[in-house]
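Accompanying notes for the structure given below.
The values are calculated or read from the model by the stated rules, or taken from the named source; none is laboratory data. For clarity, every value in this text was computed on a predicted model and none was experimentally measured. Glycine gets a Cβ as well: all are built from the backbone with ideal geometry, and neighbour counts include every protein chain shown.
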Amino acid sequence: MAPPSPPPPATGAQYAHQFLNTALSQRGPSALPYAEDVKWLIRNHLVALADAFPSLHPKAALFTHNDGRAAHLLQADGTIPIHHGGATYNLPAVIWLPEPYPRSPPLFFLSPTRDMLIKPHHPLVDRSGLVANAPYLRSWVFPSSNLLDLVRSLSHLFGLDPPLFTRSVANPPAPAPAPVPTPPPAASSPAPRQELYSPAPRPYRFPASPQLAARPPPTEDPAEVFRRNAISKLVDTAYADAAALRTAREAEVDTLFAVQAELRARGDMVGDGVRRIAEEKEALERRLQDVMMATDVTEAWVAQNRKGSAAHDTDADGAIQPADALSRQMLDCTATDLALEDTIYALDKAVQDGSVPFDGYLRSVRALAREQFFQRVLCTKVNNAQQQAHVARMAARAPQYAS
């Protein structure tokens, strides 16, 4: 069995995808200065460009504006192939993505080496290497315009009129395209000038851009320009409306979350109230059971005493008799206490009238008060004993009511 083949290396699109996922997901001071709602579109543009042109690699570098401001921006650095004179050449280029990209076009620069020159008075490239007059850049429409179509259109235009040529020690001949370094030609091969760039070993042909295939630069139909501007305006309006609608919906969602939290709090309060009501209901049911037991005891006592009251000759003293020894003792103690109270009251009247001397009054009151104290202590003890006996009787009758 043959050994397994090693995994294939990452393609340009895979590398671009990994790099851009890391670069565009950064937050804080190291975040790139692009709008959050278009970062996915920027990533798609660069990944598609790296997939079609593997020689262009996405990077992040420091860019200095004309006013001196510096910012970390994305760029696609490398070479773009052109087809000229039956051969394919590679032009060194850098594509910068400014802060408002993709709503604004990118900045396309040619980066010639020290042995290369920019063709003077080129219709698309100025002396600094900036590609400023390309029709695709002047007619940039968001969000349909992209980097892939831009590079294809420039590759087609530069193939018709190369913007770079190599230096020559003698009279310079007609401009020739230049990008991929190659060894100098052999001595047996005469050449009119020293070529630093030659056709690539694997020619790469690109189809003509739809915007540039049928007409020479830079004339355009006014109706087409108006249509593109109208589309751009409609797209911007749609994005603005979508952003406003999203803000309104987020506010509504926040309000609904607040209402939900309040309802949950009120639900907890209602649950607590229901629990307290259930506890109070149980307490009332126990109280009702006690009252029913006491009612039964009272009714039984009334029925029993009605049977004995049939005789009319019963005297008043015997109409009410203590039920037991404790009740009889309580009756005696209470009667003695009240009699002592009346005696003390009578002595007070007597001493006020002068019938009883004051020293005799003090001795009598002291003796009566002592006796009254002992009677009240005895009443308290008897009362406690009666309560214990009552509880014992109710406990003995509890199984009857529970069933």
Just need a number here: residues in the range 221-246 that are within 27 Å of the chain's Cα centre (by Cα) and either in contact (Cβ under 8 Å) with a residue 24 or more places away in the chain or surrounded by fewer than 10 Cβ atoms within 10 Å (Cβ to Cβ) (or both).
2
Counting only residues that are in a strand (DSSP E or B), among the polar types (S, T, N, Q) and surrounded by fewer than 19 Cβ atoms within 10 Å (Cβ to Cβ), which one in the range 50-89 is modelled with the lowest pLDDT?
Thr64
State all residues of the range 26-49 that are surrounded by 11 or more Cβ atoms within 10 Å (Cβ to Cβ) and of a type in the set (S, T, N, Q); if no residue qualifies, say none.
Gln26, Asn44
Here the qualifying pairs (Cβ atoms under 8 Å; residues six or more apart or on different chains; first in the range 126-148 and at negative phi; second among the basic types (Lys, Arg) and outside any loop (DSSP other than H, G, I, E, B)) come out as Ser139/Arg228; Val141/Arg228
Is it the case, given these coordinates, that Trp140 is assigned to a loop (DSSP other than H, G, I, E, B) and within 30 Å of Tyr239 (Cβ to Cβ)?
yes
Enumerate the pairs (first residue in the range 352-372 and hydroxyl-bearing (Ser, Thr, Tyr); second residue anywhere and surrounded by 11 or more Cβ atoms within 10 Å (Cβ to Cβ)) with beta-carbon separation below 6 Å, excluding pairs fewer than 6 apart on the same chain, so at least 6 apart or on different chains.
Tyr361/Leu347; Tyr361/Val351; Ser364/Leu347
